[in-house]
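One structure below.
The values are calculated or read from the model by the stated rules, or taken from the named source; none is laboratory data. Nothing here was measured: the structure is a model prediction, and the numbers come from that model. Cβ placement follows ideal geometry from the backbone for every residue including glycine, while neighbour counts extend to all protein chains displayed.
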Amino acid sequence: MIKGLFVKKKKYATIPTGKVKQDVPEGIMSKCPECKHIMVTKELKKNLLVCQGCQYHYSMSSQERIASLIDEGTFTEYDADMISKNPLDFPDYLEKLESDRKKTKINEAVVTGEGKINGLDVTLAVMDSRFRMGSMGSVVGEKITRAIEKAIENKNPFIIFTASGGARMQEGVLSLMQMAKTSVALKKLSDKGLLFISIMTHPTTGGVSASFASVGDYNFAEPKALIGFAGRRIIEQTIRQELPDDFQTAEFLLKHGQLDGVIHRSDMKKTLGTLLKIHSEGRR
Amino acid sequence: MAAELEFERPIHELEKKIAELKSFMEEKDIDLTDEIQRLEEKLSRLENSTYSEMKPWDRVQIARHAERPTTLDYISYLFTDFIELHGDRLFGDDEAIVGGVAFYKNLPVTVIGHQRGKDTKENLRRNFGMPHPEGYRKALRLMKQAEKFNRPIICFIDTKGAYPGKAAEERGQSEAIARNLVEMAGLTVPVICIVIGEGGSGGALALGVGNYVHMLENSTYSVISPEGAAAILWKDASLAKKAAESMRITAPDLKELGIIDEIIEEVKGGAHKDPKRQAEEIDSVLESSLNNLLSMSQDELIEQRYEKYKKIGQFGFVNDSIVVK
């Protein structure tokens, strides 16, 4: 079933999946950066970009993520044409945005929209770490807020896949305030009794970790994902001691009671589908 | 005087000169009145020009001044019968955040704020005003209590940021901050936030989702410290001054960006020059803010907060030259 999603790209009107081929490992064979296992690239993609040797989860583009989760042909994107301004007149910011737009074929670091998972309606936001490290500026905050408002309007569950280095420096305190903006929207969603599931993928740090990523009714993460508030180097400098290797990994957070679970990518759609089913049966 | 601020040096030099002349006049019994008067006029002009054209970096220096009034200072001036309440009921008591109940002109309120120390000993106890998760959870506990008993909440913001430590991460620094943002959004009582010193990133925002957010004239509010920004942007923390200018972190900047409501004027040279008078400035803004909010219903308070944050941000569209605000 999943196989088909990557091949039949034509059905996706709003998200061009054609680019997937250029982005993920070039050539016929791919070498895992973790265990050096060599795989046929086609097989790697079929395996949802998870190494067959060591189960290393490659980063997924937003387009690939959506294709791996949403029932074929059911995705409608929101606000695809929203783009960042340069509110602080930061040198080179607009050029960097333009170059990331060309590289990723998306206009900002989050893709939002609605679709179905196993036949059940969801509103979805997927962050994309290839675009400015998934950092959150005004557009990311606005798109997520609008998506939450659409979820409220349609009485849909809201699911977010986070991947972000945190706040976007170039938009200064405006980016900090997006943490508050998305939070007031999430509060409204929650007060309506609607479901919010957060799945943290590599990396989820800083302002994104300290806002919507951490306040799902369910908080999950992909294996080995880096998740934390402060940067490892800053912490090491502050406390003057070395941190354990697994510090700020999904498994570390699970051990410290910060996550409901760590979910392998191959189980992601199934788990989300089951949760959505549990909630749809219980819907008031 | 603990620390002389760089941009104030010419003023201090002139003050010293005047003092010298005065003592000289007394000692030697020579009339230097004219000369002294001339210098005093010059001093007054210099003060006016220095304090009316403050650069972002000057304000950063004032915001960080060791003697700048803290949350507990303002509590003592603005409120009566303050009773401090401790602990998050989960792990411990974080002294980098203080909170409690008090009267504000006969009105019962809850007051919460970051608390830094004024000397090394107190700073160690208060972790330099940089909270751990239990600090934010204590704050939230007190906010929920305020909501239960229908008391307005006043938050003073004054932190370099949430503490970047191993234990803080283990206990869920991210979740603690995020939870406060979400829960503050839904509080059914008036919430007024006042930045009194440094408003450092998520650690500041975790006490900062209010119906009104005001800033003292020389306080700062930023996504990252100027030093941190310089380190990331130009790989050189010594360019902090430049970063302070380009990051737009001062009260006038935030007012212009549509993030804060009012700038609270500071006494000449900064709040530390006269804390009591500074408290009076805060008092008048606090009183009018509270009066506005006390007439609003619970739903209106939540809706006002929603609209306030919803409109923050600047963006456009691909085929659109018009900026949507």
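When the residues of region B:76-119 are filtered to those that are of a type in the set (Ser, Thr, Tyr) and assigned to a strand (DSSP E or B), which remaining residue is surrounded by the fewest Cβ atoms within 10 Å (Cβ to Cβ)?
Of the residues in region B:76-119, the ones of a type in the set (Ser, Thr, Tyr) are B:76-77, B:80, B:104, B:110.
Subsequent filtering for residues that are assigned to a strand (DSSP E or B) retains B:80, B:104, B:110.
On the way: B:80: 11, B:104: 18, B:110: 24.
Result: B:80.
Can you tell me which condition residue B:246 does not meet? The list is (1) in contact with a strand residue (DSSP E or B) (Cβ under 7 Å, 6 or more places away or on another chain); (2) buried (at least 16 other Cβ atoms within 10 Å of the Cβ), and all the others hold.
(1)
Please go through (1) at pLDDT 90 or above; (2) at the interface with another protein chain (Cβ under 10 Å from one of its Cβ atoms); (3) crowded, with 22+ Cβ neighbours inside 10 Å for residue B:229 and return the number of the only condition it doesn't satisfy.
In the conditions (1) at pLDDT 90 or above; (2) at the interface with another protein chain (Cβ under 10 Å from one of its Cβ atoms); (3) crowded, with 22+ Cβ neighbours inside 10 Å, residue B:229 misses (1) alone.
Just one of (1) in contact with an Asp or Glu (Cβ under 9 Å, 6 or more places away or on another chain); (2) without any contact (Cβ under 8 Å) to a residue 60 or more places away in the chain trips up residue A:89, so point out which.
Residue A:89 satisfies all of (1) in contact with an Asp or Glu (Cβ under 9 Å, 6 or more places away or on another chain); (2) without any contact (Cβ under 8 Å) to a residue 60 or more places away in the chain except (1).
Answer yes or no as to whether residue B:102 is among the aliphatic types (A, V, I, L, M) and within 11 Å of chain A (Cβ to nearest Cβ).
When the stated conditions are applied, residue B:102 does not pass them.
Sort through A:205, A:238 and tell me the only one that's free of Cβ contacts under 8 Å to residues at least 12 places away in the same chain, under 30 Å from residue B:130 (Cα atoms) and not aliphatic (A, V, I, L, M).
On the way: A:205 fails: free of Cβ contacts under 8 Å to residues at least 12 places away in the same chain.
Selected residue: A:238, the only one of A:205, A:238 that is free of Cβ contacts under 8 Å to residues at least 12 places away in the same chain, under 30 Å from residue B:130 (Cα atoms) and not aliphatic (A, V, I, L, M).
Can you name the condition, by its number, that residue A:89 falls short on among (1) at pLDDT 95 or above; (2) not in a strand (DSSP E or B)?
Result: residue A:89 fails condition (1) only.
What is the number of the single condition among (1) in contact (Cβ under 8 Å) with a residue 60 or more places away in the chain; (2) assigned to a helix (DSSP H, G or I); (3) hydrophobic (A, V, I, L, M, F, W, C) that residue B:296 does not meet?
Here residue B:296 clears every test but (2).
Let me spell it out: the conditions are (1) out of contact with any helix residue (DSSP H, G or I) (no Cβ under 6 Å at 6 or more places or on another chain); (2) surrounded by fewer than 20 Cβ atoms within 10 Å (Cβ to Cβ), and residue A:208 meets all of them except one. Which number is the exception?
With (1) out of contact with any helix residue (DSSP H, G or I) (no Cβ under 6 Å at 6 or more places or on another chain); (2) surrounded by fewer than 20 Cβ atoms within 10 Å (Cβ to Cβ) applied to residue A:208, the lone miss is (2).
Would you check which residues across region A:218-229 are out of contact with any Ser or Thr (no Cβ under 8 Å at 6 or more places or on another chain) and either without any contact (Cβ under 8 Å) to a residue 24 or more places away in the chain or facing chain B (nearest Cβ under 8 Å) (or both) and list them?
Those that are out of contact with any Ser or Thr (no Cβ under 8 Å at 6 or more places or on another chain) and either without any contact (Cβ under 8 Å) to a residue 24 or more places away in the chain or facing chain B (nearest Cβ under 8 Å) (or both): none in region A:218-229.
Output the residue which, of all residues in region B:146-179 that are without any contact (Cβ under 8 Å) to a residue 24 or more places away in the chain and charged (D, E, K, R), is farthest from the other protein chains (Cβ to nearest Cβ).
B:148
Need a quick list: helices (runs of 4 or more DSSP H) entirely within region B:1-68 having at least 1 residues that are closer than 19 Å to residue B:245 by Cβ.
Values: elements: B:9-28, B:33-52, B:56-63.
Ranges flagged: B:33-52, B:56-63.
Just give me the residues in region A:151-210 being away from chain B (no Cβ under 13 Å), of a type outside the set (A, V, I, L, M, F, W, C) and over 19 Å from the mean Cα position of the chain (by Cα), in sequence order.
A:153, A:154, A:155, A:193
So in region B:266-325, with the set limited to residues that are among the polar types (S, T, N, Q) and within 14 Å of chain A (Cβ to nearest Cβ), which one is farthest from the chain's Cα centre (by Cα)? Don't jump to the end; show me each part of the working.
Within region B:266-325, the subset among the polar types (S, T, N, Q) is B:278, B:284, B:288-289, B:291-292, B:295, B:297-298, B:304, B:314, B:319, B:321.
Retained after the next criterion (residues that are within 14 Å of chain A (Cβ to nearest Cβ)): B:298, B:304, B:314, B:319, B:321.
Numbers: B:298: 27, B:304: 23, B:314: 25, B:319: 40, B:321: 37 Å.
Ranking the candidates gives B:319 first.
Pull out all pairs, ordered by first then second residue, where Cβ-Cβ is under 7 Å, the residues are six or more apart or on different chains, the first lies in region A:158-179 and is at positive phi, and the second is among the charged types (D, E, K, R).
A:172/B:248
How many residues are at the interface with chain A (Cβ under 10 Å from one of its Cβ atoms), more than 11 Å from the chain's Cα centre (by Cα) and within 20 Å of residue B:293 (Cα to Cα) when one looks only at region B:183-218?
7
Out of all the residues in region B:232-260, which are assigned to a helix (DSSP H, G or I) and among the polar types (S, T, N, Q)? Reasoning before the result, please.
Applying the first criterion (assigned to a helix (DSSP H, G or I)) to region B:232-260 yields B:232-234, B:237-246, B:251-256.
Within region B:232-260, B:238, B:246 meet the criteria.
Among A:60, A:133, which is on the phi > 0 side of the Ramachandran plot and either of a type outside the set (Phe, Trp, Tyr) or in contact with a Pro (Cβ under 9 Å, 6 or more places away or on another chain) (or both)?
A:133
Given the conditions (1) over 14 Å from the mean Cα position of the chain (by Cα); (2) closer than 22 Å to residue B:309 by Cα, and given that residue A:122 satisfies all but one, which numbered condition is not satisfied?
(2)
Could you list, in sequence order, the residues of region A:160-200 that are charged (D, E, K, R) and within 16 Å of residue B:175 (Cα to Cα)?
Scanning region A:160-200 gives a single hit, A:187.
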